[in-house]
1. Please give the length that would be gained between D458 and K400 if that part of the chain were fully extended, namely 0.36 nm times their separation in residues minus their C-alpha to C-alpha distance (nm, one decimal).
2. What does the charge add up to near E288, with Lys and Arg as +1, Asp and Glu as -1, over the other residues with Cβ less than 14 Å from its Cβ?
3. Using the Cα centre of the chain as origin and beta-carbon charges of +1 (Lys, Arg) and -1 (Asp, Glu), tell me which of L418, T84, A277 is placed farthest towards the positive end of the dipole.
4. Using a ≥ b ≥ c from the Cα gyration tensor of the chain (square roots of the eigenvalues), is it rounded, prolate or oblate, where a/c under 1.5 gives rounded and otherwise the larger of a/b and b/c decides, a/b for prolate?
5. I want the local charge near S223. Using Cβ-Cβ distances under 11 Å, sum +1 for each Lys or Arg and -1 for each Asp or Glu among the other residues.
6. Quick one: putting +1 on the C-beta of Lys and Arg, -1 on the C-beta of Asp and Glu, what dipole do you get for the chain around its Cα centre, in Debye to the nearest 20?
7. Answer with one residue from T291, W366, A159: the one whose Cα lies farthest towards the positive end of the charge dipole of the chain, charges on Cβ with Lys, Arg +1 and Asp, Glu -1.
8. Where the only charges are on Cβ atoms (+1 Lys, Arg; -1 Asp, Glu), what is the dipole of the stretch 263-312 about its Cα centre, to the nearest 20 debye?
Amino acid sequence: MRSGGAWCCEPADNFDPGVLRHHRLLLPAGKHAQHTHDEEDAPRGRRTQEATMDVLYERCCGLDIHKRTAVACLVVPGSTGATTKEVRSFGTMTDDLMCLADWLAANAVTHVAMESTGVYWKPVWNLLEGQFELLLVNARHVKAVPGRKTDAKDCEWLADLLRHGLLRGSFVPERPQRELRELTRYRTSLVQERSAEVNRLQQTLEGANIKLGDVATDIMGLSSRQMLAALAGGETDAAAMAQLAQGRLRDTLPALERALAGRVGSHQRFLLARQLAHIAFLDASITEVSTEIAERLRPCAAELEQLATIPGVGRRTAEVLVAEIGTDMSRFPTSGHLASWAGMCPGNDESAGKRRSGKTRKGSPWLRSTLIEAARAAGRTKGTYLAAQYHRLAARRGTKRAAVAVGHTILVIAYRLLSEGDVYRELGDRYFDERDRHAVERRLVARLEGLGYTVSLDPAA
C-alpha cells in the first residue's frame, strides 16, 4: 500500500516479491559487460522505496547462469555509504568461474543467489560452495517484469531480492548425497534403456512370427536367452531350440516348438544379435553402478533395512529414497512438509470460497516415479494395509490416483522410520473394515435388503 509518499512493505518473512517486482527500477541496458551505478543516481521514488525495506545482507551477488555465460550483479556499500551495483559477465569455463569467485571474495561478498536453470548451475555451485552462503532459487518464484528482461536485469533483480531477504532457497543436499543422486538416477536411466531395448527385441521377434513371449513368462530368462542366441546364430530347427529349455519351462516343449517355428530373415538375425549384445552390456553396466551405490551406502545399512520392510519397497527402491531425501529428516519439520516438497500431496487452488483443481505440484520426477512404482508393487501384495488402501481407492478414483495416494503413504512411513528409528508395523488388510465396523455392517445390510433379502447378523463363535 502507499502511505506518506513511500512504499510501505510487510516484513521480509511475509513479503510478496511481486510487490517489489512491479515497482523496481531496472538497470539500463549498456553496451559493455561491466558498469556501475550508485543509489544516488536512482529516482527519488526508488530511494524512498529501498529506505523503507530492511537490508539483511550488505554484500551480496545475483547470478544469471547460462550454458556459456554467467552474468553477475554485485551489490556492496559504496565509499560514501550509498549502495553500489556492478554487473559483470563471465564465461563458464573453470578458470572463468575461478575469476568470478576471486572477484566476489575481493569484494567481501557473503551471500550469492542463482536460479536453478537446467544443469548449468551445478558447476557454479560446486566451485563456490564453501566460500559463500549460496541460495538456489526457483525461477518461477522470481519472474522478471514482462518486456524488461535481459541477463543484466535478471541478475540485478536476484541481487535486490537477496539483499532484502526476499528469496527462499531450494533444498540442495551435501556433496556426498548429490553424488549418490547422480549414481541412482543414472542407474534408473540404464534400467529404462534396457526396458526399451527389450521391447525392440520383442518387436523384432514379432516381425519374424516368433511367439516365444506367449509361452515363456520372462523373455530375457536364462532359457529364453539361450534360445534367442541360437536363433540369432542361424539355428532353424525349432525342436532343437526348444530342448534348450530348463526347469518348469520344459513342461511346455510342444508349445515352445510351435512358438519357435517362425520365418527369420537375415536382417532379423543381425538385429537379434545386436539387441542381445546391447542388453548384456546394459546388464553389466547396471551391476557395476549398483555395486558403486552399495559401497557408498554402506554406512546407511540400518536405514536401508528399515525402509526395505515397507511392502512394495525393495533394496533398489530404498537406495533411491535415501539418495533423494537423505537420512536426516530434521530438515523437514513434518511428514507433510516432505510430501509437499516431493510433490506427492494434493495442491491448493481455492478462489472465492471454491476449491478448484487439486492436482499435485511438480516435485522431483525421480522420487515421484520411484514412489509410484513402489505403490503399484504394494498394491499386488497380499494381506497388507497398503494393498487394501490401493484397492479401496482404485475402485472409486482409478488406479493412477490410488498409486499417488499409496506413494504418499509410503513416503510418510519412510519419514517416520528415518526420523524416529522405528520399525514398520503391519496393520493388515482388514484395517479399514475394523476401523468402523458398525458402518460397514450397516452398509452391507442395507445393500442386501435393497435386493429383497431379510438379513439377521449372528456373530461367529
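1. Numbers: separation 58, 0.36 × 58 = 20.88 nm, distance 3.89 nm.
Result for the pair: 17.0 nm of gain on full extension.
2. Numbers: positive: R187, R194, R296; negative: D283, E292, E295.
Every neighbour counted, the sum reads 0.
3. Result: A277, furthest along the dipole toward the positive end.
4. Working: a/c = 2.72, a/b = 1.57, b/c = 1.73.
The shape class here is oblate.
5. Surrounding charge for S223 is +2.
6. Working: 63 positive and 56 negative charges, 358 e Å.
My answer is approximately 1720 debye.
7. Comparing the listed Cα positions along the dipole, W366 ranks first.
8. Working: 5 positive and 6 negative charges, 105 e Å.
With only Lys, Arg, Asp and Glu charged at Cβ, the dipole is about 500 debye.
No value in this document is a laboratory result; all are computed from the given coordinates. In this text the structure is predicted, and so the values were computed from the model without any measurement. Quick reminder, even Gly has a Cβ in these numbers, built from the backbone with ideal geometry, and neighbours come from all protein chains shown.
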